[in-house]
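What follows is a set of notes on a single structure, which appears directly below.
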Amino acid sequence: MLIGNGRPLVSVIIPTYNRLHTLDRAIKSVLCQTNDNLEIIVIDDGSTDGTDNYIKNIEDDRIVYIKHEFNKGVSAARNTGIMASKGEFIALLDSDDEWMPEKTAIQLETFSKYGENIIAGCTGHYLIQPDRKLEFQPPENIFWFKWCLFQCLISPSTLMTTRTAFEKAGYFDERLIRFEDWDWFIRYTEFYPFICISKPLATRYLGKPPRAKEVQDPAMVFIQKNKEKFYSLGFWYGRKAMARRFLDIGIHWLREKNYKKGIFYILKGLGYFPFQPPHLFIRKIIELKRLYSSPVKKFTT
């Protein structure tokens with residue numbers, strides 16, 4: 001079922017890189033949507049695990065396959081998919097996540113209620129961890145820009161927008177190999193409204209934990225890029241937001257038993273905002289251990 005000129009109503013963007021073991025689950029969750037007026041754009045970001053052969057064997061003309069010659073990162077992959085998309089609405093799905101069958105239908109119904117005033121929104125989701133299943137419901141009626149400056153409350157796999165949202169807020173920053181979604185949400189919520197559906201309509205699966213270096217480098221780009229916005233809501237809020245970013249980097253280094261770098265970044269964070277609750281560090285480290293239960297070696301890079 002297509003809209004005018006043979007265009008699909010929803011374009012689903014699935015970037016993937018060597019995730020053949022989870023890609024099938026993600027694609028099937030889209031093919032099973034109660035709203036079948038969609039296209040699935042799979043952007044293979046240089047995979048070497050047979051992803052191309054798998055896609056070729058799926059007999060469904062709603063699937064569009066694009067392959068990068070080399071790995072460019074998730075931001076570039078999503079941008080490639082968005083620019084190639086034809087739908088009136090754009091939805092993102094990570095290749096290790098999945099949707100509930102009614103996900104796109106419920107979001108489309110919500111958009112229709114608000115008309116042109118709302119051009120982006122998200123849903124709740126389940127998070128599958130090694131030892132438990134959590135339910136996350138996004139808050140309603142909050143100052144989204146303020147909260148997005150402090151923490152990322154939105155999963156890309158729950159996002160749906162009109163095409164206008166990317167025209168207004170721009171595409172994903174291809175310099176960022178992490179935090180690219182967070183950066184986009186900040187740019188979007190700074191100027192435009194955001195609507196949330198509290199019902200969990202997606203499931204996120206916790207992947208392999210990032211190394212501290214993989215967190216530190218994009219975090220520093222993210223901090224420098226958004227520093228002025230952190231302070232746009234006041235001096236103390238800005239320092240508190242800056243502090244939390246450095247504390248997060250430090251805790252990742254501590255998890256890898258690199259105490260020199262861990263303490264350096266924690267002290268840097270405390271220098272920005274020393275009034276941190278004492279339980280923050282213990283809670284964060286326990287949370288990281290629970291999320292990523294595999295043993296971690298000591299790294300000195």
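Any read-out appearing in this document is the output of simple, stated calculations on the displayed coordinates, not a laboratory observation. Source: prediction; values computed, not measured. Ideal geometry is used to build each Cβ from the backbone, glycine not excepted, and the neighbour counts take in all protein chains shown.
For VAL12, nonlocal amide neighbours, meaning residues 5 or more places apart or on other chains whose placed amide H falls under 5 Å from its own, are GLU39, ILE40, ILE41, ALA91.
For the residue pairs LYS56/LYS225; LYS28/LYS199; LYS146/LYS261, alpha carbon separations beyond 32 Å are given by LYS56/LYS225. Between GLN276 and ASP61, full extension at 0.36 nm per residue minus the direct alpha carbon distance yields a gain of 72.0 nm.
The GluC sites (Glu not before Pro) of the stretch 1-90 that DSSP puts in a loop, and whose beta carbon has at most 14 other beta carbons within 10 Å, are GLU59, GLU69. Between LYS260 and GLU214, the modelled labels are 2.4 nm apart [label points 7 Å from Cα along Cα→Cβ]. Helical runs assigned H by DSSP (4 residues or longer) give the chain a calculated mean residue ellipticity at 222 nm of -13500 deg cm²/dmol, each run adding -39500 (n - 2.57) before division by the residue total.
Annotation: the stretch 4-205 has a Kirkwood hydrodynamic radius of 17.0 angstrom, from the mean reciprocal C-alpha pair distance.
Straightening the chain between GLN224 and GLU102 buys 40.0 nm, computed as 0.36 nm per residue apart minus the Cα-Cα spacing. For each of SER29, SER157, count neighbouring Cβ atoms within 10 Å of the residue's Cβ, then give the residues from fewest to most. Listing SER29, SER157 from fewest to most nearby Cβ atoms yields SER29, SER157. Once the gyration tensor of the Cα atoms in the stretch 66-185 is diagonalised, the equivalent ellipsoid follows with semi-axes of 22, 19, 16 Å, ordered largest first.
Checking every one of the trypsin sites (Lys or Arg not before Pro) in the stretch 159-252 against DSSP loop status and a limit of 16 other Cβ atoms within 10 Å picks out ARG175, ARG211. For the stretch 152-205, the square roots of the Cα gyration tensor eigenvalues, ordered a ≥ b ≥ c, give a/c of at least 1.5 with a/b no greater than b/c, which places it in the oblate category. Taking 7 Å steps out from each Cα toward its Cβ at GLU174 and LYS133 produces label points 3.9 nm apart.
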